[in-house]
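Asker: Would you mind keeping the following structure in view while I ask a few things?
The values are calculated or read from the model by the stated rules, or taken from the named source; none is laboratory data. This is a predicted model, so every value here is computed, not measured. Here the Cβ is made from the backbone with ideal geometry for all residues, glycine too, and neighbour counts use every protein chain on show.
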C-alpha cells in the first residue's frame with residue numbers, strides 16, 4: 001500500500017513538473033494558464049494575508065450543515081422506504097424527479113424563497129447529499145441475508161430490533177458508501193450555490209476572480225476546494241473504518 005501511495009504521489013508531482021515546464025517553454029500567459037508555481041504563490045499570499053480564511057470558513061460551514069441535514073433526511077428516508085415496499089413504489093418516482101431537475105436551475109428559486117446568504121446554499125447542498133444516502137440505505141435494508149432475517153423472526157425480535165441489530169449493521173458498508181458519495185457531492189452543491197447568490201465562500205470567490213481576470217487566484221481556489229474535498233472524503237473513510245471495527249468487535253463479544 002505504501003508503494004502504491006508513493007507511485008501515486010510521484011505521478012502527481014511528475015504531472016505538476018510537466019505542467020510547469022510546458023507553460024514556461026510555451027510562454028503561455030498567466031491569464032490563460034498559470035504555472036503551478038504561480039498558483040502556489042497566489043495560494044500562499046491569500047492564506048498568509050488572511051484573505052482566503054473567511055471564504056474557507058463560510059464554505060466549510062455550508063458543506064457541514066448541508067451534509068448533516070441532507071444525510072439525516074436521506075438516512076431516515078432510506079429507512080422508511082427500505083422498510084415499506086408500498087411507500088417505496090409510491091414515493092420513489094418523486095424522489096428521482098427531485099434529483100433529475102438541474103440544481104443550477106433551482107438556485108435562483110432558492111434565493112427567492114430563502115434569501116441571500118448561507119441558508120440557500122445549505123438547502124442546495126442538502127438536496128444533493130440527500131439522494132445517495134437514501135438510495136444506498138433503502139437498497140441495503142432490502143438485501144439482508146434471508147436466513148438471518150428468518151432467525152430473527154424465530155427469536156421473535158421486534159421490528160425495531162431487527163432493523164437496528166440486523167439490517168442497519170449488515171448494510172453498514174453500503175450505507176457508508178452513500179456517505180462517501182454525499183461528501184464529494186456536498187462540495188459540488190455548495191460551490192454551485194455560491195456561484196449564484198453568495199457574497200462569501202469559495203464559489204463566490206471564483207466568480208469574483210473571474211470578473212477581475214485573476215486566473216491564478218481562480219486556480220488557487222480550485223486547489224483549495226480539491227484539498228478540502230479530499231480531506232472530507234478521508235474523514236468519511238476513517239469514520240467508516242471506525243464503525244466497521246466497532247461492529248466487528250461487538251460481533252466477536254457476542255460470539256464469545
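Asker: For residue 206, are the conditions met, namely being at pLDDT below 85, closer than 28 Å to residue 46 by Cβ and either surrounded by 15 or more Cβ atoms within 10 Å (Cβ to Cβ) or out of contact with any strand residue (DSSP E or B) (no Cβ under 6 Å at 6 or more places or on another chain) (or both)?
Answerer: In short, no.
Asker: Please indicate, with yes or no, whether at least one residue in the stretch 203-212 is in the same structural domain as residue 112 (by TED's automatic domain parsing), free of Cβ contacts under 8 Å to residues at least 24 places away in the same chain and not in a helix (DSSP H, G or I).
Answerer: yes
Asker: I'd like the full set of residues that are exposed (fewer than 14 other Cβ atoms within 10 Å of the Cβ) and within 28 Å of residue 160 (Cα to Cα), limited to the stretch 70-129.
Answerer: 76, 84, 85, 86, 89, 90, 93, 94, 96
Asker: Right, residue 38: assigned to a helix (DSSP H, G or I) and in contact (Cβ under 8 Å) with a residue 24 or more places away in the chain or not?
Answerer: Yes, satisfied.
Asker: Kindly establish whether residue 73 is modelled with pLDDT of 90 or more and within 25 Å of the chain's Cα centre (by Cα).
Answerer: yes
Asker: Something else about it: Taking residue 218, is it under 30 Å from residue 31 (Cβ atoms) and without any contact (Cβ under 8 Å) to a residue 24 or more places away in the chain?
Answerer: yes
Asker: How do the pairs read when you match residues in the stretch 43-59 that are over 16 Å from residue 208 (Cβ atoms) with residues anywhere that are in a loop (DSSP other than H, G, I, E, B) and modelled with pLDDT of 90 or more, using Cβ under 7 Å and keeping only pairs 6 or more apart or on different chains?
Answerer: Correct list of pairs: empty, since none qualify.
Asker: In the stretch 8-40, what residues are touching a helix residue (DSSP H, G or I) at 6+ places or on another chain (Cβ under 6 Å) and exposed (fewer than 11 other Cβ atoms within 10 Å of the Cβ)?
Answerer: 31
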